[in-house]
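Take a look at the structure set out below.
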Amino acid sequence: MSFPTSHKTVFVLDHTLTASSGVKLEMDSFSKCRSGSTSGNNGSSGPQTPNQPQVSLIPLLPITTSLWTCAVEAITEYCRIVWDIFPGTRLIRFIAVDKTIHKLSSWNGEDQNLPNLMNSFMALGPSKNIGVGKLDLMKGLRAAIEALTEPSAVQHEKRTSLTESATKVLNKGRIILVSKINTEDEIRVFKEKFHEALLHLNKVAAATDNLMAINHCDLVLLNLWPNGLACTIPRHTWPDVSTIMSCEFTNMQGGVSLAPTLCNLVLKHYDLASTTVTGIPMKEEQNASSSANYDVELFHPSAAHTAILRGIPSETAHLKTYREGADYETVTLKWCTPRSNASIELQHCSSAYRITSVDVNSRPSSCLTNFLLNGRWVMLEMPRKSGSKVISHMLACHGGDIYIHTMYTSRSILEDPPSISEGCGGRVTDYRIPDFGELLKANRLAPYPEPAPGSEGPSTPLEGSREHLSRHTKYWPITLSSTSLFTLGSNIDPLTSIMVKETITDDEVVECKQVILSLMSMEARGDPLPSPIAGQRGKGMKREDQYKAVWTELEQYLQMHLHSPAHEKVLECFMECHNKVATPEYKGDDKVDIDQALKELDDYNYMTEREKAEFNMAGGGTKHIPSDLIVPDSKRRHSAPPPLAPMGRSSGVSLLTLWENKVSSVESQPCYEFQGRSRAEGNITKLYVNLQKDKEKEDGSRKK
Amino acid sequence: MPTVVLLDVSLSMSRGVDAVSPCQEEEDTESQILRKDLAVHGCNILLDHFIQHCKLEFASLIVFSSVYKVLMPFTRDFEAIKGALNLVDECDKTCIEVGLMGAAQHILEEWGNGTPCQVVLVTDGNAGTGQHHLQKSMMSSHSRGASQFPLPFPFPAKLNIVCIANPNEPCLQTSKPLYQRLIELNGEGDILVPEGNLTKQSVSEMFEHLIKNNFSSYSGILHCGSLSAPVTLSPPPQPYCRHHDFEIMRVSVDPTITVLGFLNTGDVSSPPAFSRHLVLPLSAKGDMVMLPKADAGSDDEGTGNDEGKIPSFCVLLHGGLKRENMVALSQVGENWYGILYSWADNKKKSNLMLSLFVPGVDVIPWMGKLSNLGPASQLPVNPYGPSDTSSPFPLKVHEKKSYALNSVVWVRQGGLQSDIQKILRHARKLPDKTQSFYKELNRVRKAALAYGFSELLEGLANVLERECTLLPPISHPDAAIQLQHAYEALRSHDRKDSRQNITPLKTTFSGND
């Protein structure tokens, strides 16, 4: 199906079809119908009386449609079906021919809709009688071939995409001539002349940059006949006129057979299929209390039937019936009373295709489509040969378009799957699921405005979202037992929601500082920390230890979220506060001294305990990074998720790290460490390292 | 992928390994091994692989000669298949067509036509006495297209033909082109022949090779920002290769699956999926762990439970998605996306599922281009609203479809009649229905002008004129005035302003409305 012929279609219309189509519309009956209704309203009070004056009226003349009107009616219906099902991907143009050629539309998207088509036909006006022999349809056909050599937007884009597939874009199309053809000779002449023109114009197109030669063209000759007369020339196809052309001759008669013939054509040209939804309960127009069942026929790409029809033919033969007057089959599926919650659940479907109703204005059709447009979903049931039933399709509207979804009807290979609780991590009970829920909401996706053409940056909004997500997960312990910081609940709000932002305002910096300060004062007051629900970690731990753990974790958290200078301010504030605690004289409270001393003492005790615990765990197979490698340690946290180090967050910080942090924070206060020395190994710093690196780089690239 | 082991049980399978050259004395013991024993040996290797690595797969055993028989229908009980392999009888001649037909039938009945499957045809490298017939039916299948020949299978399937034969056997040489043709017909598959002489060892190697190329399980890493977990997908994702309108898509699933953001389940609106896969967390050692069913009180037993107690990001992700009723939009390959969500087969057991879309960014029309989705919180106005009451999805289409447009269709019987009747219904309720009357009138008038149907305008004018004369004496004076205005306007359609709609006449009576 690549490069489908149906991508581009040109209609060439004979604008001289003034002859009557033989289709009559009785106008007099409309007035009679009034008398009928008034008599009904008058009830039993002499229905004959109001009828009497009518007898004297002169009957209204019936009106007849011209062949041209029939043609335009049929073509608009053809286009309606195509554009409903393939908006934007199947293009149709029109060329009308009388004395001159009228090009009614282009390949542009804005031309590809019904209102626009109606307007251009209105501007064109009714068919003209230009006299015998003055009509040259070949001119129209040549113009149509030229139109086909113009690339559509998609073709242009693919052709100029500079990828390897660019040269392989095939240009196929279909030209449909609508006229009255009287003899087989005319057909032969059309075919031959068309082929010549095609070859010639292909040469012309190949010589230009902006036109595309046609790889294959399907010529359809539609012979429009008046109602009542028998067509003398039978339907005929020439599948291989040449390697680049196929041809088809079809009769189309005005009157009742016009619509079915048209459906045959459109189904064949666009590979569509028909589904009849049966048993739709509808209230009667006259009697609202009773309801009857109706059928509605829909068109959609035939692929929507693949799932049920491909396979064993005898199993599905009972589904198919022929439409009256048409030579295509329709698959009958039964309406199921819709469940109200269907749309919020995820239904498993293998495909979804747009549909259109065949008789769009009929009452049952518009009832069904309005029901769907209002957001209800309808399941369709397929009766099996065995008598059982299965939901095979679903009708649903998304954003104004109605789709038919194909459901899975056979046994699923995913049946009886193990529960998530039976796999790795399934027995852990203290995942931070509510917090993760908030993370999901904070990382929800929404459509961004289309980037202006040409201004498309290298990074799409979706890539932006990936960065967003990675910022939000920089430091994210997945279980409660691996964190102290995130067990604090409202006490650290809104710090954790602010720090993950890309940029933060001054006000937000203040808010963060307030969180830190209020934690400080909580500690000073000796307020108990909210105990973690599932936390063994809080158990048996002294309050001071708990605070200590929180501070350590908070520092780590802030260190990881240095996205902007404003973020750094929060960290600075933390550092200052930390030192304030560590600097007893600042407190001005005598107790603090002792507290501090005790705390520090506890720290050591506590840490030893933790160390022990940790050591035990490490013996049990946990990856533990040697604590003297600080840099790799933090790197590990960046790349590896907490689950790999289950005891991580709180206990993963070793005594040495704590101590070094403390030392460095103390040191950082009075004067900044000389950079070189802080990075030095064994107090020896290599100078001009970059020079060496650059040189190596250069060497490396030269070697390449 | 469900797998059919299609085993040849023709008489020729009971040959010894050395059909060609009479064996040396010292290999006497080896030559007593029959080909069917080697076939069973090979099948057992395959089944053992399933037991070890693909616990959630299905396999079935079909034997064929001139008839086929389903010995084991699709099951996860691979031991049972191994048992059935030992009970295989020997029958008459090889008739591959029958065997393939049986496999196709069995798969269609069980899995329908949408599930990718594997057919492993184990035979002795001798297409058999039915060869000529097979060739003929293959030819006819090519020429007629819709014949009864089972290939290509009516479902996506790989056909691997495993030959229990010495590579240099003459009958293998004659059969091989035939096998090749079968695989070409099916589109996907391979012929496997032992390297070197036919021995238990070479057959084992051949089956190992088969497993490596066709039955290896997926192992990758699920990333969500800085969080990640090793996972496997069941069934293993298949590469996508299909023709789209303007390109041929060839893409396979990467070993990394990256979560890009989240969406409400209701907003994705049951998108069509190319395939679905269970996402199962792997242990640190890379094994898939299946803990014994959770029984109350009986934990802390067995080694498997240790894995259960090491936190996995998968479980957290599943819990979050389930709690918030959301899905995670994820990238699985170049230009290939899917959604992760919590899915429950029944009420009790829910699991993490991955639905892969068709590759491309423009695959779910109501979500727009996937690459154009970004973090909602960074938009000037969050489209979800402050209290989660609104949603930016589905994207509204720019142009309404005909069923939402009240479009004019007269090509079908009764279309025009009912449109005229509608005008008259409103005409009889003038002046109450003045607006509707003119709306319907203009709709028909516009269509008539577009269709070049000027006779209709004249005819309609006549009908309205008649209506005017038939107005009952008690009717509102405005009714007659509007009707007259309407039919006069209809008759003047060939004036310059014919594209202008007819507007209601302002009357002294209508001023009170």
**Message:** Checking the condition more than 27 Å from B:PRO375 (Cα to Cα) and touching a residue at least 60 places away in the same chain (Cβ under 8 Å), which residue from B:ILE211, B:ILE183, B:ILE257 passes?
**Reply:** B:ILE211
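On the given criteria, is B:ASP513 within 13 Å of chain A (Cβ to nearest Cβ) and at pLDDT below 80?
On the way: within 13 Å of chain A (Cβ to nearest Cβ): no; at pLDDT below 80: yes.
Taking the combined requirement at face value, the residue does not satisfy it.
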**Prompt:** If you go through the stretch A:446-466 one residue at a time, how many are modelled with pLDDT of 85 or more, over 10 Å from B:LEU260 (Cβ atoms) and over 16 Å from the mean Cα position of the chain (by Cα)?
**Reply:** 0
**Selection count, the stretch B:160-191, where residues are in a helix (DSSP H, G or I) and among the small types (Gly, Ala, Ser)** = 1
**Request:** Looking at (1) among the aliphatic types (A, V, I, L, M); (2) crowded, with 17+ Cβ neighbours inside 10 Å; (3) under 21 Å from B:LEU316 (Cα atoms), find the lone condition where B:ILE191 falls short.
**Result:** (3)
**Asked** Out of B:GLY374, B:GLY360, B:GLY385, which single residue is closer than 24 Å to A:ILE355 by Cα and either more than 7 Å from chain A (Cβ to nearest Cβ) or buried (at least 20 other Cβ atoms within 10 Å of the Cβ) (or both)?
**Response** B:GLY360
**Prompt:** Does any residue in the stretch B:446-459 that is facing chain A (nearest Cβ under 7 Å) come within less than 6 Å, Cβ to Cβ, of a residue that is aliphatic (A, V, I, L, M) and in a helix (DSSP H, G or I) six or more places away or on a different chain, and which pairs are these?
**Reply:** B:LEU449/A:MET122; B:ALA450/A:MET118; B:ALA450/A:MET122; B:TYR451/A:VAL72; B:LEU456/B:ALA448
**Message:** Whether any residue in the stretch B:297-306 is at pLDDT below 90, touching a Leu at 6+ places or on another chain (Cβ under 7 Å) and not assigned by TED's automatic domain parsing to the domain that holds B:ILE257 is what I want to check.
**Reply:** yes
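Per-residue answers, yes or no, for (1) part of a loop (DSSP other than H, G, I, E, B); (2) farther than 27 Å from A:ASN116 by Cβ; (3) in the same structural domain as B:LYS439 (by TED's automatic domain parsing):
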{"position": "B:GLY338", "(1), (2), (3)": "no, yes, no"}
{"position": "B:TRP343", "(1), (2), (3)": "no, yes, no"}
{"position": "B:VAL361", "(1), (2), (3)": "yes, yes, no"}
{"position": "B:ASP388", "(1), (2), (3)": "yes, yes, no"}
{"position": "B:PRO394", "(1), (2), (3)": "yes, no, no"}
{"position": "B:VAL397", "(1), (2), (3)": "yes, no, no"}
**Those strands (runs of 3 or more DSSP E) lying entirely in the stretch A:308-419 with at least 2 residues among the aliphatic types (A, V, I, L, M)** = A:329-336, A:378-383, A:389-398, A:401-407
**Message:** Just the residues that are outside any loop (DSSP other than H, G, I, E, B) and either facing another protein chain (nearest Cβ under 9 Å) or of a type in the set (Asp, Glu) (or both), please, taken from the stretch B:460-479.
**Reply:** B:LEU460, B:ASN462, B:VAL463, B:GLU465, B:ARG466, B:GLU467, B:THR469, B:ASP478
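Condition first: small (Gly, Ala, Ser), in a helix (DSSP H, G or I), within 7 Å of chain B (Cβ to nearest Cβ) and in contact (Cβ under 8 Å) with a residue 40 or more places away in the chain. Can you find one or more residues in the stretch A:439-449 that meet it? Write out each step before concluding.
Keep residues of the stretch A:439-449 that are small (Gly, Ala, Ser), which gives A:442, A:446.
Subsequent filtering for residues that are in a helix (DSSP H, G or I) retains A:442.
If we keep only those that are within 7 Å of chain B (Cβ to nearest Cβ) too, we end up with A:442.
Now restrict to residues that are in contact (Cβ under 8 Å) with a residue 40 or more places away in the chain: A:442.
Yes, the stretch A:439-449 contains at least one residue that is small (Gly, Ala, Ser), in a helix (DSSP H, G or I), within 7 Å of chain B (Cβ to nearest Cβ) and in contact (Cβ under 8 Å) with a residue 40 or more places away in the chain.
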**Request:** Tell me, please, whether a residue that is more than 10 Å from every other protein chain (Cβ to nearest Cβ), of a type outside the set (Asp, Glu) and either under 21 Å from A:PHE86 (Cα atoms) or crowded, with 20+ Cβ neighbours inside 10 Å (or both) can be found in the stretch A:394-410.
**Result:** yes
**Request:** Hey, can you tell me all the residues within the stretch B:316-329 that are more than 16 Å from B:HIS223 (Cβ to Cβ) and within 7 Å of chain A (Cβ to nearest Cβ)?
**Result:** B:GLY319, B:ARG323, B:GLU324, B:MET326
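Scan the stretch A:245-254 and give yes if some residue there is in the same structural domain as A:VAL360 (by TED's automatic domain parsing), of a type in the set (Phe, Trp, Tyr), in contact with a helix residue (DSSP H, G or I) (Cβ under 7 Å, 6 or more places away or on another chain) and surrounded by 17 or more Cβ atoms within 10 Å (Cβ to Cβ), otherwise no.
No, every residue in the stretch A:245-254 fails to be in the same structural domain as A:VAL360 (by TED's automatic domain parsing), of a type in the set (Phe, Trp, Tyr), in contact with a helix residue (DSSP H, G or I) (Cβ under 7 Å, 6 or more places away or on another chain) and surrounded by 17 or more Cβ atoms within 10 Å (Cβ to Cβ).
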**Message:** Restricting to the stretch B:415-430, count the residues that are surrounded by fewer than 20 Cβ atoms within 10 Å (Cβ to Cβ) and more than 12 Å from chain A (Cβ to nearest Cβ).
**Reply:** 1
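Can you pull out every residue in the stretch A:14-33 that is in contact with a Leu (Cβ under 8 Å, 6 or more places away or on another chain) and more than 10 Å from A:LEU67 (Cβ to Cβ)?
Within the stretch A:14-33, A:HIS15, A:LEU25, A:MET27, A:ASP28, A:PHE30, A:SER31, A:CYS33 meet the criteria.
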**Message:** Given (1) modelled with pLDDT under 85; (2) under 27 Å from A:GLU415 (Cβ atoms); (3) crowded, with 16+ Cβ neighbours inside 10 Å, identify the lone condition not met by B:THR232.
**Reply:** (1)
**Asked** Which numbered condition trips up B:LEU441, out of (1) at pLDDT below 90; (2) more than 10 Å from chain A (Cβ to nearest Cβ)?
**Response** (1)
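Yes/no per residue for (1) among the hydrophobic types (A, V, I, L, M, F, W, C); (2) within 22 Å of A:GLU150 (Cβ to Cβ):
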| residue | (1), (2) |
| --- | --- |
| A:LEU201 | yes, yes |
| A:ALA207 | yes, yes |
| A:CYS217 | yes, yes |
| A:ASN223 | no, no |
| A:ILE233 | yes, no |
| A:THR237 | no, no |
| A:GLU248 | no, no |
| A:MET252 | yes, no |
| A:GLY255 | no, no |
**Message:** Restricting to the stretch A:75-115, and then to whatever is within 25 Å of the chain's Cα centre (by Cα) and surrounded by fewer than 18 Cβ atoms within 10 Å (Cβ to Cβ), can you tell me which residue is nearest to the other protein chains (Cβ to nearest Cβ)?
**Reply:** A:THR89
**Request:** State which residue pairs qualify: first residue more than 7 Å from chain B (Cβ to nearest Cβ) and touching a residue at least 40 places away in the same chain (Cβ under 8 Å) and inside the stretch A:354-367, second residue among the hydrophobic types (A, V, I, L, M, F, W, C) and surrounded by fewer than 18 Cβ atoms within 10 Å (Cβ to Cβ) in any location, beta carbons under 8 Å apart, and separation of 6 or more residues or different chains.
**Result:** A:ARG363/A:MET282; A:PRO364/A:MET282; A:CYS367/A:MET282
**Message:** Within the stretch B:140-159, does at least one residue satisfy the condition of being over 29 Å from the mean Cα position of the chain (by Cα), crowded, with 22+ Cβ neighbours inside 10 Å and either assigned to a strand (DSSP E or B) or at pLDDT below 90 (or both)?
**Reply:** no
**Request:** Filter the stretch B:388-414 down to the residues that are more than 7 Å from chain A (Cβ to nearest Cβ) and crowded, with 22+ Cβ neighbours inside 10 Å, then identify the one that is nearest to the chain's Cα centre (by Cα).
**Result:** B:PHE393
**Item:** Residues of the stretch A:216-266 classified as within 14 Å of chain B (Cβ to nearest Cβ) and assigned to a loop (DSSP other than H, G, I, E, B), total
**Value:** 5
**Request:** All but one of (1) assigned by TED's automatic domain parsing to the domain that holds B:LEU329; (2) assigned to a loop (DSSP other than H, G, I, E, B) hold for B:SER371, so report the exception by its number.
**Result:** (2)
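Taking the options A:ILE130, A:ILE92, name whichever one is touching a helix residue (DSSP H, G or I) at 6+ places or on another chain (Cβ under 8 Å) and assigned by TED's automatic domain parsing to the domain that holds A:ILE75. Break it down stepwise before answering.
On the way: A:ILE130 fails: touching a helix residue (DSSP H, G or I) at 6+ places or on another chain (Cβ under 8 Å).
It is A:ILE92.
The values are calculated or read from the model by the stated rules, or taken from the named source; none is laboratory data. The model shown is predicted, which means the values in this text are computed figures rather than measured ones. Cβ atoms come from the backbone with ideal geometry, glycine included; neighbour counts cover every protein chain shown.
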